[in-house]
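S.K.: I have a structure I would like to understand better, so I am pasting it below and will then ask my questions one at a time.
The values are calculated or read from the model by the stated rules, or taken from the named source; none is laboratory data. Please read all numbers here as calculations on a predicted model, not as lab measurements. Because the Cβ atoms are built from the backbone with ideal geometry, glycine has one as well, and the counts that use them run over all protein chains shown. Heads up: the accessible areas ignore ligands, DNA and RNA and are worked out on the full protein's heavy atoms, side chains in. Shrake-Rupley method; radii C 1.70, N 1.55, O 1.52, S 1.80 Å.
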Amino acid sequence: MAQTEPSQTESTGAPQTVLDTIGIIRSPYKEKFAVPRQPGLVSTATARLEMLAPYNEPSAFRGLAEFSHLWLMFVFHQTQDKGWNPTVRPPRLGGNERVGVFATRSTFRPNPLGLSVVRLLDMCKDGNKVWLELGGVDLVDGTPIVDIKPYLPWVDSVPGAHGGFAPTPPDLSMEVRFTPAAELACARSHIADLQLFITEVLMQDPRPAYKRKQEEWQQYGVRLYDYNVRFEVFGQLTRVLSIDACDQT
């Protein structure tokens, strides 16, 4: 619930708005690195939205199951303490050219709010508790959700709209290979389609844009689900070297 308080901010003199967290995302992305830059790019990425009291009241979700997709408004909680910048360097422009923050979906905004469209896979109830199973997510684990709205295709998808400096989907020509050890780890995992999920994530080429022109193998690591995934990249080839369970201690 949003509340408009009588106090005013010192910087603008405008009324201050406070947003309640209504739920928390539980996703396979345990860190910001390798999270898809847009929703829907990794089709196998599923997540759970755990609703918080008092917003887990079942009556608040009456009719929601009739919609295939939802809009989620969320907080960039991992970067909100870094403030905002009037200009940013979008990865789509190679990470070098600056444009205005309001012409991007950058995390460094005056208010750290993001908007994401996700598939509604299931709505679950347990007594007075409600949680949503979601697909195609691009949200890091622990992301606070501040609002949910149904996606309406007849108004939210605009034929002939222009995409500015990002008019087409990203290049997904990155080839992803697995070592025998990495393939075996996927086969033994309790996560269904783990190898496909990792492939879809790495096809996005999560490296910083300025590193994509380096002419040598580069090694990286990322935590997905409860695994540490180590991989190396050269040009348009990624090799997954190892997939190890995270230390739970």
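S.K.: Straight-line reach from K149: which aspartates and glutamates have Cα under 13 Å away, leaving out those fewer than 8 places along the same chain?
M.R.: Excluding near neighbours in sequence, the set is E66.
S.K.: Now a separate question. Starting from the Cα of V158, move 7 Å in the Cα-to-Cβ direction to define the label point; list residues of the range 67-84 whose amide nitrogen is under 20 Å from there.
M.R.: Answer for the range 67-84: 70-73.
S.K.: Return the sequence-ordered ³J(HN,Hα) values of the range 14-27 in whole Hz as given by the Karplus equation 6.51 cos²θ - 1.76 cosθ + 1.60 applied to θ = phi - 60°, using x for Gly and Pro.
M.R.: 7, x, 8, 10, 10, 10, 7, 7, 9, x, 10, 7, 10, 10
S.K.: Could you pull out every residue, at least 5 positions away or on a different chain, whose amide H is within less than 5 Å of the one on I22? Hs are placed 1.01 Å off N in the peptide plane, and Pro or chain starts have none.
M.R.: Under 5 Å from the amide H of I22: I145, V146.
S.K.: Multiply the residue gap between A192 and V99 by 0.36 nm, knock off their C-alpha separation, and tell me the result in nm, one decimal place. Intermediate values should be presented prior to the final figure.
M.R.: Values: separation 93, 0.36 × 93 = 33.48 nm, distance 4.02 nm.
Answer, rounded to one decimal: 29.5 nm.
S.K.: Hey, of (1) 20.1; (2) 20.6; (3) 18.8, which did the structure itself give for Kirkwood radius over Cα pairs in Å when calculated?
M.R.: (1)
S.K.: Under a Cβ-only charge scheme (Lys and Arg +1, Asp and Glu -1), can you give me the dipole magnitude of the range 138-243 about the Cα centre, in debye to the nearest 20? Let's see the in-between values first.
M.R.: Working: 10 positive and 14 negative charges, 51 e Å.
In total the dipole reaches around 240 debye.
S.K.: Just to be sure I follow: if Rg is taken over the C-alpha atoms of the range 162-225 and Rh is the Kirkwood radius over the same atoms, what is Rg/Rh? Please report the intermediate quantities before stating the final value.
M.R.: Working: Rg = 14.6 Å, Rh = 14.1 Å.
For the range 162-225, the value is 1.04.
S.K.: When the helices in the chain are scored as -39500 (n - 2.57) per DSSP H run of 4 or longer and the sum is shared across all residues, what 222 nm value do you end up with, to the nearest 500 deg cm²/dmol? Please report the intermediate quantities before stating the final value.
M.R.: Details: 3 runs with 23 residues, N = 249.
Using -39500 (n - 2.57) per qualifying helix, the result is -2500 deg cm²/dmol.
S.K.: Right, something else. What per residue convex hull volume, in Å³, comes out for the range 64-137 when only alpha-carbon positions are used? Can you show the working numbers first?
M.R.: Values: hull volume 9.1 nm³, N = 74.
With only Cα atoms used, the range 64-137 gives 124 Å³ per residue.
S.K.: Oh, and also: When only the heavy atoms of the protein chains count and the probe is 1.4 Å, how do H162, H69 rank by accessible area, highest first?
M.R.: Values: H162 180, H69 60 Å².
Largest accessible area first, the list is H162, H69.
S.K.: Evaluate the relative contact order of the chain (contact order divided by residue number), counting alpha-carbon pairs under 8 angstrom at least 6 apart; express in whole percent. Let's see the in-between values first.
M.R.: Working: 475 pairs, mean separation 58.7, N = 249.
Once divided by the residue count of the chain, the mean separation gives 24 percent.
S.K.: Right, another one. Quick one: longest stretch of the chain between exposed loop GluC sites (Glu not before Pro), exposed meaning at most 16 other C-beta atoms within 10 Å and loop per DSSP?
M.R.: Values: sites that count: E10, E31, E97, E215, E216.
With a cap of 16 other Cβ atoms within 10 Å, the longest stretch comes to 98-214.
S.K.: For a quick check of understanding: with a 1.4 angstrom probe and all protein chains in place, what accessible area in square angstrom does S173 have, to the nearest ten?
M.R.: Approximately 70 Å² of S173 is accessible to the 1.4 Å probe.
S.K.: OK, next. Taking every Cα atom in the range 1-122, find the radius of gyration and the maximum pairwise distance Dmax, and write them in Å.
M.R.: Taking only Cα atoms of the range 1-122, I get Rg and Dmax of 16.9, 48 Å.
S.K.: Under 5 Å between amide H atoms, partner at least 5 residues away or on a different chain: which partners does L121 have, H built in plane at 1.01 Å?
M.R.: The list, which skips near neighbours in sequence, is E133, L134, G135.
S.K.: So, one more: Using a Förster distance of 45 Å, how high is the FRET efficiency between T87 and A53, based on the Cβ-Cβ distance and rounded to 0.05?
M.R.: Details: r = 41 Å, r/R0 = 0.90.
Step by step, r from the Cβ atoms, then E = 0.65.
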